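Presented below is the structure to which this report refers.
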Amino acid sequence: MTDRIPCCVPFCRRTVARAKLREGHTEWLCQKHWPTVPKSLKRKKRLAERIADRADERFNALYTQQCGFLQEQLDRATAATNLCGRVWERCKAAAIEHAAGIA
């Protein structure tokens, strides 16, 4: 496994060190392609990340308090993480379409 991650846009040769990304992230958009993502999608991405972080914190706090978890708590945390992933895929698609000249 390499210690560098390439930009998600095809044929873009830019890379970033794996250590500079947030924990758990395996994809990246470079400084050239990130500005091509519409601001509305960027705002949705930030909001989704905050929601996912808050859900994870609440789940972990309740898990340690209760020495276990309820299925509905786990479902909420999983749904927040899935939302964050879907918004990221939309951001990535927008950047790729712009680079290809589609949008």
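The values are calculated or read from the model by the stated rules, or taken from the named source; none is laboratory data. Bear in mind the structure is a predicted one, so any value in this text is a computation, not a measurement. FYI the Cβ positions are ideal-geometry reconstructions off the backbone, even for glycines, and counts take in every protein chain you see. For accessibility, only protein heavy atoms count, side chains too; no ligands or nucleic acids. Shrake-Rupley method; radii C 1.70, N 1.55, O 1.52, S 1.80 Å.
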Taking interchain pairs and intrachain pairs at least six residues apart, which have beta carbon atoms under 6 angstrom, with the first residue in segment 31-50 and touching a residue at least 40 places away in the same chain (Cβ under 8 Å) and the second surrounded by 14 or more Cβ atoms within 10 Å (Cβ to Cβ) and in a loop (DSSP other than H, G, I, E, B)?
-> HIS33/VAL9
Please work out which one of (1) modelled with pLDDT under 90; (2) assigned to a helix (DSSP H, G or I); (3) of a type in the set (A, V, I, L, M, F, W, C) is the condition PHE69 fails and give its number.
-> (2)
State all residues of segment 14-62 that are at pLDDT below 95, basic (Lys, Arg), loosely packed, with under 11 Cβ neighbours inside 10 Å and part of a helix (DSSP H, G or I); if no residue qualifies, say none.
-> LYS20
In the set ILE5, ILE96, the lone residue that is surrounded by 16 or more Cβ atoms within 10 Å (Cβ to Cβ), touching a residue at least 40 places away in the same chain (Cβ under 8 Å) and not aromatic (Phe, Trp, Tyr) is ILE96
Please work out which residue is nearest to TRP28 (Cα to Cα), limiting yourself to segment 63-82 and to residues that are open to solvent by less than 60 Å² (accessible area, probe 1.4 Å) and of a type in the set (A, V, I, L, M, F, W, C).
-> ALA80
